[in-house]
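Engineer: Got a structure here, written out as structure tokens. Questions coming.
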Amino acid sequence: MELWIPITILAAFMQNARSALQKHLKSHLTTSGATFSRFVFAAPLACLYALGLARFFDYDLPLPNPSFLVYAMVGGLSQIGATALLVSLFSSKNFAVGTTFSKTETVQAALFGLVLLGETVSAGALVGIAISLAGVVLISSRGKTGNQGWNPRTWLDRSALLGIASGGLFGISAVSYRASSLSLEQGDFIIRAAITLAFVTLFQTLVMGCYMRLREPGQITAVMASWRVSGLVGLAGMVGSACWFTAMTLENAAHVRALGQIELLFTFIASHVIFRERSSGRELSGIVLVTLGVLLLVLWH
């Protein structure tokens, strides 16, 4: 088994745990506050992780360069926007379906990877992508409108648009992080991924902190007051991000994010067991299609 596969599965599990905790926080904090909790507690942990690798495992710290900084900042800003949209989406759709909408990031990551890095996917993988897209359309479909046939407005609703936009920004961030890590000229994949993660989380904390200080005074205090849950969000986010960054340093970002769709299995467990939510037959069928498309994409990559 290729190393990036178990690393990606762990990343998906930790991402689902983080999202579940953020959904809980959404009842106590604003969207920005719940988003900020992901970064502010993860940043010091990410720095300790990178320094620990250098101190205890004798890794040489690679030196940042202009390309690294640009890609890392683009990825960081895109991830902030994607996370905020995803947290907002939890309020308009249930946990399982909301997360599925954001999974269009796999398709979009493949496109961005082609444009930015010249990385392609196989014809078989494209079939998997098409099946996944069909699943997303089915999930957001509400039915027919009398004798007028299918009306895009009946299925391309606000929840779908939020999810697709979130997926697009996640796709940009994934490809940007891979490009940032690969731009470092020193060290192996572990330390390059760790340095990228440390810089990005510090940058994101600074950006979000400035925004909230100006636009949402009092939310930083609220986040710190909820440190028990927010700290867990940061820990889960840091471990998940470390795994994502490492996997995407090893493998094409689109393939990594495709395998990451296994998060849907963890999502259903959280949705049914923790949040006591139920999905309709149409939504379940769509999610099955999304999952099937992802499996085909991984097998034929």
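The values are calculated or read from the model by the stated rules, or taken from the named source; none is laboratory data. Not measured: the values here are computed from a predicted model. Backbone-built Cβ (ideal geometry, glycine too); neighbour counts: all protein chains shown.
This table checks each residue for (1) closer than 20 Å to Y49 by Cα; (2) of a type outside the set (D, E); (3) surrounded by fewer than 18 Cβ atoms within 10 Å (Cβ to Cβ).
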{"site": "Q186", "(1), (2), (3)": "yes, yes, yes"}
{"site": "L197", "(1), (2), (3)": "yes, yes, no"}
{"site": "L206", "(1), (2), (3)": "yes, yes, yes"}
{"site": "C210", "(1), (2), (3)": "no, yes, yes"}
{"site": "L214", "(1), (2), (3)": "no, yes, yes"}
{"site": "G218", "(1), (2), (3)": "no, yes, yes"}
{"site": "G234", "(1), (2), (3)": "yes, yes, no"}
{"site": "M238", "(1), (2), (3)": "yes, yes, no"}
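Engineer: Sort out which residues of region 56-67 are in contact with a helix residue (DSSP H, G or I) (Cβ under 7 Å, 6 or more places away or on another chain) and either more than 15 Å from A193 (Cα to Cα) or in a helix (DSSP H, G or I) (or both), and write them in order of number.
Structural biologist: S67, the sole residue that qualifies.
Engineer: For region 38-55, does any single residue satisfy the condition of being farther than 20 Å from T246 by Cβ, among the charged types (D, E, K, R) and assigned to a helix (DSSP H, G or I)?
Structural biologist: Within region 38-55, none of the residues are farther than 20 Å from T246 by Cβ, among the charged types (D, E, K, R) and assigned to a helix (DSSP H, G or I).
Engineer: While we're on this one: With the structure loaded, tell me whether A225 is modelled with pLDDT of 95 or more, of a type outside the set (K, R) and on the phi < 0 side of the Ramachandran plot or whether it fails that test.
Structural biologist: Details: modelled with pLDDT of 95 or more: no; of a type outside the set (K, R): yes; on the phi < 0 side of the Ramachandran plot: yes.
Criteria not met by A225.
Engineer: Inspect region 233-242 for any residue being over 17 Å from the mean Cα position of the chain (by Cα) and over 19 Å from I5 (Cα atoms) and give the result as yes or no.
Structural biologist: In the first step, residues of region 233-242 are kept if they are over 17 Å from the mean Cα position of the chain (by Cα); the result is none.
No, region 233-242 contains no residue that is over 17 Å from the mean Cα position of the chain (by Cα) and over 19 Å from I5 (Cα atoms).
Engineer: Considering region 245-273 alone, what residues qualify as being assigned to a helix (DSSP H, G or I) and either among the acidic types (D, E) or within 17 Å of T120 (Cα to Cα) (or both)?
Structural biologist: Kept after step one, since they are assigned to a helix (DSSP H, G or I), are these residues of region 245-273: 245-250, 253-273.
The answer is M248, T249, L250, A253, A254, H255, V256, R257, A258, L259, E263.
Engineer: Step by step: first the residues of region 52-68, then only those that are more than 11 Å from G187 (Cβ to Cβ) and touching a residue at least 60 places away in the same chain (Cβ under 8 Å), then the one that is surrounded by the most Cβ atoms within 10 Å (Cβ to Cβ). Which residue is that?
Structural biologist: F68
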